[in-house]
Amino acid sequence: MIIGVSTGFEKALEIVGVGYRAELQGNTAVLNVGYSQPVHFDLPKGVEAKIDKTKIILSSIDKELLGLTAAKIRGIRKPEPYKGKGIRYADEVVRRKAGKTGVK
């Protein structure tokens, strides 16, 4: 049995950060991720999205197109290592760094 045709593939993304959120308008994902203007991301044909405020679930029968689309969305605001804000995969663990220590 072919997995892509029978069940399809899914990829989940999380949006982490104060005031960071997403919404779906037609076939466009509107992302508010800390820039001065919302980022409009047009979904390609064959990829469907279900968007909660801070969760994006992409589904498609084409695994390669799904991974490429998820990577492009993640690239809009990659998770940063100090506070962990940004768009990340649901199963991704962001390595955190210690900030500067102030000399007093």
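Some notes on this structure:
- Cα gyration tensor shape of region 46-104, rounded if a/c is under 1.5, else prolate or oblate by comparing a/b with b/c: prolate
- Pairs exceeding 29 Å between alpha-carbon atoms, taken from Lys78/Lys100; Lys53/Lys78; Lys55/Lys83; Lys53/Lys100; Lys63/Lys83: Lys53/Lys100; Lys63/Lys83.
- Once the chain from Phe41 to Ala90 is taken as fully extended at 0.36 nm per residue, the excess over their C-alpha distance is 15.7 nm.
- Sparse packing (at most 13 other Cβ atoms within 10 Å of the Cβ) combined with a DSSP loop state is found for the following chymotrypsin sites (Phe, Trp or Tyr not before Pro) in region 5-104: Tyr35, Tyr82.
- The residues packed around Ala90, meaning those with a beta-carbon under 9 Å from its beta-carbon, carry a net charge of 0 if Lys and Arg are +1 and Asp and Glu are -1.
- Only helices enter the 222 nm calculation for the chain: every DSSP H run of n ≥ 4 contributes -39,500 (n - 2.57), and dividing by all residues gives -5000 deg cm²/dmol, rounded to 500.
- Across the chain, C-alpha contacts under 8 Å between residues 6 or more apart give a mean separation that, scaled by the residue count, equals a relative contact order of 29 percent.
- The modelled label-to-label distance between Val5 and Ile76, using points 7 Å beyond Cα along the C-beta direction, is 3.3 nm.
- Estimated D of the chain in µm² per second, where Rh is the Kirkwood radius over Cα pairs and Stokes-Einstein applies at 25 °C, 0.890 mPa s: 166 µm²/s
- Computed over region 45-101: relative contact order in percent, which uses C-alpha pairs under 8 Å that are six or more apart: 20 percent
- In degrees, nearest ten, helix 63-76 long axis to first principal axis of the chain (Cα): 30 degrees
None of the figures in this text is laboratory data; all of them are computed from the coordinates on show. Just so we're clear, the structure is a prediction, and the values are computed from it rather than from any experiment. Reconstructed Cβ throughout: ideal geometry from the backbone, glycine too, with neighbour counts over all protein chains shown.
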